[in-house]
Amino acid sequence: MQTNQTGASFISPRENSGKKSQKTPLLRAENLSHAFDYLLYEDLNLTINSGDSIAILGVSGSGKSTLLHNLSTLLKPKKGKILYKDRYLYDRKSQELLDIRRNEFGIIFQQHYLFKGFSVKENLDISSIIANKKIDFQLLEKLGIKDTLKQNVADLSGGQQQRVSIARVMMKRPRLVFADELTGNLDRESADSVMDVMISYVREEQAGLFVVTHDEEVAKRCSRIYRLHDKRLEPVAL
Ligand SMILES: Nc1ncnc2c1ncn2[C@@H]1O[C@H](COP(=O)(O)OP(=O)(O)OP(=O)(O)O)[C@@H](O)[C@H]1O
Ligand SMILES: [Mg+2]
């Protein structure tokens, strides 16, 4: 176990496997502010504990994706700090941030960024090599894409592509998953299957999930829900 700069204890989800009910902070945002042309949000505080699934709702343009980028190593906030393990995220060297992004965080983007012109299997092979993890065929089955392996990703439907991109990230077995419009292209049934996969993964691995969504049914599956509104994160009860 390690002690961070603010005195709280941070341990990895797997180190914590014997005490699944005990929550451990995985990531903490302190007084986060971000602005582009105008202020999107200020003084946001948020802790993602092991076993937490956090849904973020909010109108288009409120800053949900920006917040996800702040939290997931992609974009340094204008103000505030993000504590991961024992140190602040953006105090780390860029190579260290890259390693965290590659090995410990899983980021599922609003756009899928699959390699068009390659088959589903080839796309998964690339991730498998980078992450040094075997392709999880059970996961593909749960996501309903096991029969698409030989198909070119460009020939898949938007929803199938989305599920391939989810599989590609989840195969890494990330400690923290950041998902932007996780189920944006999916019908209700597929969206529910994806959430089954995500929620059981978080519970079994004591990982953390941060999901931006417009879908209140998706949000309801999460352990905490917030709305990004008026530059603040407001807790929501659905
Ligand atoms: N790199 C950037 N440079 C300048 N402005 C940006 C940049 N990224 C986002 N913005 C602006 O910040 C605001 C919030 O964008 P963001 O993508 O975070 O919203 P969002 O809540 O995710 O919206 P949506 O629900 O439509 O995805 C928008 O007005 C957007 O134009
Ligand atoms: Mg967005």
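Values quoted throughout were computed directly from the atomic coordinates according to the rules given, and no laboratory measurement underlies them. Note that the coordinates shown come from a computational prediction; the quantities given were computed from them, not determined experimentally. Note that we place each Cβ from the backbone using ideal geometry, even for glycine, and neighbour counts take in every protein chain shown.
Descriptive notes on the structure:
- Semi-axes of the equivalent ellipsoid for the range 110-150, computed as √(5λ) from the eigenvalues of its C-alpha gyration tensor and ordered from largest down, come to 15, 14, 10 Å.
- Under the Debye formula (equal points on every Cα, no solvent term), log10 I(q)/I(0) of the range 64-121 at q = 0.15, 0.21, 0.26 Å⁻¹: -0.52, -0.86, -1.15
- Per principal axis, descending, Cα span of the range 38-179 in whole Å: 47, 33, 28
- Between amide H atoms placed 1.01 Å from N, distances below 5 Å from GLU181 occur with VAL212, THR213, all of them 5 or more places distant or on a separate chain.
- In this structure the amide hydrogen of LEU40, modeled in the peptide plane, comes within under 5 Å of the amide hydrogens of HIS34, ALA35, none closer than 5 places in sequence on its chain.
- Among SER119, SER72, SER53, the largest mean-square fluctuation in a Gaussian network model of the chain, built with springs joining Cα atoms closer than 10 Å, belongs to SER119.
- Working note: Karplus 6.51/-1.76/1.60 with θ = phi - 60° gives the range 106-113 the couplings x, 10, 9, 8, 4, 9, 7, 6 Hz, where Gly and Pro are set to x.
- Candidates PHE118, GLY51, LEU26 compared by Cα position along the dipole of the chain: farthest toward the positive end lies LEU26, with charges placed on Cβ.
- When the chain is treated as a GNM with alpha-carbon contacts under 10 Å, the residue of ASN103, ASN132, ASN70 showing the greatest mean-square fluctuation is ASN132.
- Placing +1 on the Cβ of every Lys and Arg and -1 on the Cβ of every Asp and Glu, with no other charges, gives the range 101-179 a dipole of roughly 280 debye about its Cα centre.
- Burial order of peptide ranges 33-40, 199-206, 82-89, 176-183 (average beta-carbon count within 10 Å, highest first): 176-183, 82-89, 199-206, 33-40
- Lys/Arg +1, Asp/Glu -1 at C-beta; the range 42-192 dipole; positive extreme among THR148, TYR84, PHE137: TYR84
- If the segment from GLN95 to ILE199 were pulled out straight at 0.36 nm per residue, it would be longer than the present Cα-Cα gap by 34.4 nm.
- Gyration tensor (Cα) of the range 105-238, equivalent ellipsoid semi-axes in angstrom: 26, 16, 13
- Hydrodynamic radius by Kirkwood, which averages 1/r over all alpha carbon pairs of the chain, in angstrom: 18.2
- Estimated distance in nm for a label pair at ASP86 and GLN22, the labels positioned 7 Å out from Cα along Cα-to-Cβ: 1.8
- Over the chain, relative contact order from alpha-carbon pairs under 8 Å, at least 6 apart, %: 28
- Segment HIS214..LYS116, full-extension length gain: 32.6 nm, with 0.36 nm per residue of separation and the alpha-carbon distance subtracted.
- Estimated Rh, the range 29-101: Kirkwood, alpha-carbon pairs, angstrom: 13.0
- Magnitude of the charge dipole, the range 183-238, Cβ model with Lys/Arg +1 and Asp/Glu -1, debye to 20: 340
- A straight chain from LEU75 to LEU39 at 0.36 nm per residue would run longer than the Cα-Cα distance by 11.4 nm.
- Too-long pairs where the Cα-Cα distance tops 25 Å, listed order kept, from LYS121/LYS142; LYS78/LYS231; LYS93/LYS134; LYS81/LYS142: LYS93/LYS134; LYS81/LYS142
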